[in-house]
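Below is one structure, written out as structure tokens; comments come after it.
Here, each number is a calculation from the coordinates, and none is a lab measurement. None of these values were measured; they are calculated from a predicted model. Here the Cβ positions follow ideal geometry from the backbone for every residue, glycine too, while neighbour counts run over all protein chains shown.
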Amino acid sequence: MGNKDNTERDEGNPSTAAQGGSTANGPEIAKPPERIVIRVPARHNPRLLQVIDRVNADAELYTLWQVVNVNAVQRLRMSDHGPVHVQIVTNIALKLLRLLGDRGVQPNLVVDHNLSSEDAEVVVVLASLLHDLGMSIHRIDHEQYSLFLARPKIGELLEGLYEIPTRAILTSEILHAIISHRAGGRPLTLEAGVVRVADALDMAEGRTRIPFQAGKVDIHSVSALAIERVSIEAGQDKPIRISVHMNNAAGIFQVDELLKDKLEGSGLESYMEVEASTEGETDKKLIKTHRI
């Protein structure tokens, strides 16, 4: 199925909208949606580059992302949970991990397994790309379903890139990050915490307008539509500063109920500062700045 999202992020996402219409000779046949190519800044990390090449060549994985969106968008009228979402989450997660590394915060793959920060990037990327695969089966308990769909796929994507012992470690850490993104999940690693928070930070209106436009008007869709953009940068007092820019105070629900829930217990609380602010003149009278 096609994705109707044109969201742009730091790494850029190609448009997937296929425009239908009619001509003088009759109805125009809609073109198949353009396949989204997963892109991450990975030139310094040869293994990660190879993993991304394999991801982009994997027809089964891309089909599963499309099936995810059949359930999420078409059947449940939720926001995109397919290739647009996972690309955004992946790039956010990498940025968070690198900002933490710049301030000397080491991934658990380095601390516990004596592997490299580049290997930790592979864990974060694959966990981000595979975390919602279970939604191809059902929304309920999708995190658990993601585990058994992701397990063989991880093996395929890492085959020949690592020796068996290292591949076993990476597989376990990727699966841990996947299951830890669920509600009430308790990440035990920095990598899992990064994926959990990155998932919540995909909140800008470009992706989340889908439920509202489909006629689903509730606090989730209205508050999601209020988020204009999310800025992620190095902080002064803490390694990471998150700025959420809203056009309406309703966006506070996204920040206080959803992002805050994912941040608490992630292990990243002491490394991040989050500030939400409204930009519309009317809403500035209601709320100007909100911090969590």
In Hz, Karplus ³J(HN,Hα) per residue of the stretch 67-73 (6.51, -1.76, 1.60; θ = phi - 60°; x = Gly, Pro): 5, 3, 6, 4, 5, 5, 8
Between Glu279 and Arg77, what's the calculated FRET efficiency when r is the beta-carbon distance and R0 is 22 Å? Round to 0.05. 0.20
Neighbour-count order for Lys95, Lys260, Lys238, fewest beta carbons within 10 angstrom listed first: Lys260, Lys238, Lys95
Placed amide H near Val274: partners under 5 Å, 5+ positions off or other chain: Ile242, Ile292
Extension gain from Arg151 to Leu49, taking 0.36 nm per residue of separation minus the Cα-Cα distance: 34.7 nm
Take the alpha-carbon centre of the stretch 106-169, take the same for the stretch 51-66, and report the distance between them in whole Å. 14 Å
For labels at Val110 and Arg35 in the simple 7 Å Cα→Cβ model, what's the distance in nm? 3.5 nm
Could you go through the stretch 184-194 in sequence order and give the Karplus-derived ³J(HN,Hα) for each residue, using 6.51 cos²θ - 1.76 cosθ + 1.60 with θ = phi - 60°, rounded to whole Hz, and x for Gly and Pro? x, x, 10, x, 9, 10, 4, 4, 5, x, 4
As a footprinting exposure proxy, order Ser146, Ser231 by other Cβ within 10 Å, with the fewest listed first. Ser231, Ser146
Want the number for Ala234 to Ser270: 0.36 nm per residue separation, take away the alpha-carbon distance, what's left? 11.6 nm
Likely footprinting exposure, Val89, Val195, Val105, fewest C-beta neighbours within 10 Å first: Val105, Val89, Val195
Phi-derived 3J(HN,Hα) across the stretch 45-54 with the Karplus relation (6.51, -1.76, 1.60, θ = phi - 60°), rounded Hz, x for Gly and Pro, is 10, x, 5, 5, 4, 5, 4, 5, 4, 5
Amide hydrogen neighbours beyond the local backbone of Ser180, cut-off 5 Å, H modeled: none
Between Val70 and Arg139, 0.36 nm times their residue separation minus their Cα-Cα distance comes to what? 23.7 nm
